[in-house]
1. Using Cα centres only, tell me the gap between region 411-467 and region 678-712 in whole Å.
2. List the pair-distance distribution P(r) of region 242-810, using every Cα-Cα distance, as the percent of pairs falling in each 20 Å bin from 0 up to the bin containing the longest distance, rounded to whole percents.
3. Work out how much length E373 to E699 would gain on full extension: take 0.36 nm times their residue separation and subtract the Cα-Cα distance, in nm to one decimal.
4. Taking loop as defined by DSSP and a crowding limit of 15 other beta carbons within 10 Å, which chymotrypsin sites (Phe, Trp or Tyr not before Pro) in region 365-419 fit?
5. With a cap of 12 neighbouring Cβ atoms within 10 Å, and only residues DSSP puts in a loop, list the GluC sites (Glu not before Pro) found in region 296-402.
6. Tell me which of N709, P594, L622 sits at the most positive position along the dipole axis of region 590-718, charges placed on C-beta atoms (Lys, Arg +1; Asp, Glu -1).
7. Using the eigenvalues of the Cα gyration tensor, what equivalent ellipsoid semi-axes result for region 582-677 when each is taken as the square root of five times the eigenvalue, whole Å, largest first?
8. Calculate the spin-label point distance for L521 paired with M786, positioning each point 7 Å from the Cα along the beta-carbon direction, and give it in nanometres.
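Nothing in this text is a laboratory measurement; each read-out follows from the coordinates by a stated rule. Keep in mind that what you see is a predicted model, and the values were worked out from it rather than measured. Cβ atoms come from the backbone with ideal geometry, glycine included; neighbour counts cover every protein chain shown.
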Amino acid sequence: MTTKKLLSIAAVPLLLLCFNFSMQAQQGSPEVHTITGKVIDNDLEVPLEYATISVVNTSDRQDLTGGVTDRKGNFSIDVPEGTYDIIIEFISYEPKRYNDREINSDLNLGNVPLGISSSNLDEVVVRAETTQVDIRLDKKIYNIGKDLTTGGGTVSDALNNVPSVTVDIDGGIALRGNENVRILINGKPSAMAGFGSTDILNQLPAEAIERVEVITSPSARYDAEGTAGILNIILRKEKTLGFNGSLNLNGGIPANAGIQSNLNYRTRKFNIFNTTGFRYFDAPGYVYFDTRYKDASENDFDRIIEDRDMARLNRNFNTNFGVEYFLTDKSSLTGSIFYRYGEDEDVTTNITDYFLNSSEAFGTRRIEKESEEDNSFQVAFNYINNFNDKGHKLTADFQYENDRETEIGRINEVEEYNNIDYAPDFFDERITTTEKQNEYLIQADYVLPFGEDSQFEAGYRGNFENEITDYRLRQEDTESGELVLNENLSNIFDYTENVNALYSQYGSKLGNLSFLLGLRLENTQLKGKIDSRLTDEEIEEVFGFPIDTNFDNNYLGLFPTLNITYELGKKENITFGYNRRINRPRGWFINPFPSRSSNNNVFQGNPNLKPAYSNAFDLGYLKKWKKITFTSSVYYQHEDDSFERIQENVPGTNIIRTIPVNLSSNDRTGAELGVLYNPAKWLRLNGSFNFFQFKTSGEFDGVDYSAENTSWFARFSSKVSLPAKIDWQTNAFYRGAAEEVQGTREGYLSLDLAFSKDILNDNATVSLNVRDLLNSRKRESFTETMTYERYTEFQWRQGQSVNLSFIYRFNQQKERRNGRGDNEDGMMDGEGF
């Protein structure tokens, strides 16, 4: 599919949504009056921007209007004569109500002070322009909408600015240094998160995010997957009456261009929302290997240098369309459709030099051209019924996802020089890989509050996922020159993961102590079949270890959780969390057929992997002053059968194989702290530091891989408000050096810079940002084993990236925030807990 065709597809939903809603004025309508006022923080006596005002007609509860406060906290709402309830809300503050107000003339409410909610059992709120943080019993919620450095970037770029989270050079996401993170979209596994892969997060625009929930001690309501915890990405969806939205344009260097629209139309009975975007970008990168073999014989090479340059061209289109229908004033039904089309064209040039006796002996040039098409489709339905206004509710969800990915690779290798009359076999290869994925989700949750400060919750979740990988390798016949199917390495891998779970949890508040106690029962079925012409004995000979080519394993487990908060004062608390988690191996970790991007460096899955289980403890402290907020925590986790990627030299060859295996145990200990400091209205500072140590013990194939891995990372962000409505933001990130299972990894510094200016009466914003200003975001590592030592350098996105973005908002304030505590899809967000 061409770029022109992609743009045509992208235009369809934009045209469908960009219509003008108009209503004819009623004849003889009653006189209109204006309600005005100013919303301020009760303690700091500063204006609260984006507070929500709802005005409800007491004779017709569905006659609802409202608005939000401006930069100075002021609001003005026009209503016909009548009797109304006026509700003023701001997230995590006590709402203010003016009931049964008869409006027969203009009404000025004056200053309306709101105080921090004291009835919420779990919520302490911290505010800053660069990051807004809600701290709850089982999570931290980061509203990152004002992070200038992510303008024109991706979801991965935005996540890299969230405390506790790191995004590796190659896009791998880690939480507190642990890569086993469960990624959810709007509280559920989703095709938007790539069916467990994080590749798609490098394609979705950062502007689509409302907030990110960092859940290091997940309660029982969440899937037990992910020993590090959960990252729940909440996407934007407006809740303001009328037609509103935004249009975002961006472009940059390296080649980067995108357009995205966020449109919303809400009435008393329904809410229509759509996000549509198209992105074109180039992501050059490189990998460098320098491997020295310790026991090379006269016929073996003693050193191999491999230098890869990667040119990656990506084009993708995504759209999300949904309708929320309000069945009653307390119940609603939401349906949404998500579609993504991706088209990638990558060219990897691999220059390899082979050495004998420290002299260049032989050289090759290997070119791999890879094209990929990816179609993802998701349909979701959500039902929510609030039985009353105290939190008694029932929600139900159904979701179906389908993904089809076709990848075609063409490999050609030629001789560059030959000083030893070496005569290897060169032949062209063509690799076709088709992946089909289907996933069903069924979920129901019930919440029953009782008493003043107690709540019971129970629910069911079923995830049913199947993935079929059809791998076809065709190699050139040296005599005929034709491409012939290699039937030994071609295969079909059929993998199924089914998870059924029941949970219940109870929370309450006793004086200054709040707790949430839960238990989750999960049954996991991991089922796989490898269809190959190779016999089990031949597979064992080829891959070097016994493999079960047809397995069906079931695991039943109980996963208790406990979260406690003790309030030392109004703005000071201590938290404690305990949870048991599971790490299930993904399909690409299990598929035993090796990668072919290199002759000398391959990745190979391991069908013998079994789930890993962990027990985690977390102790946190928070203190808030007028201008400073301090957060800290210490944590410990013990994991059995932990996954580790082992590198080994395949006997009798120069091939280095990377394979995931279960080691006996992994102990993780760490500490983190964060500081938000607002010394002046024009200056806001945000810093965090995380130190951790991994201690691994276990062996594989007779080799002891016991080791200690100590590392740390820190980030700092400053935002300065300059004259003429210009904001200047600087983000710095440093990842310290680390000791790994088989070597060491060097530290690196990354620096991002951004400027923005509001224009067109604050309805539009122009932003300029530079990511990786120093071109230093690269991974350097050194690996040593009994048979070889290797230096590796890797940069996923090479060079600085400069991006200019323009966003125009219509009928909405800049970065409007909701006054509700629900997730955007109507799922529980832990109200009261």
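1. 26
2. Histogramming region 242-810 at 20 Å steps yields 14, 46, 34, 6, 0 percent.
3. Here the segment from E373 to E699 would lengthen by 113.4 nm.
4. F387
5. Those satisfying the criteria are E298.
6. The one lying farthest along the dipole's positive direction is L622.
7. The answer is 40, 17, 11 Å, longest axis first.
8. 4.7
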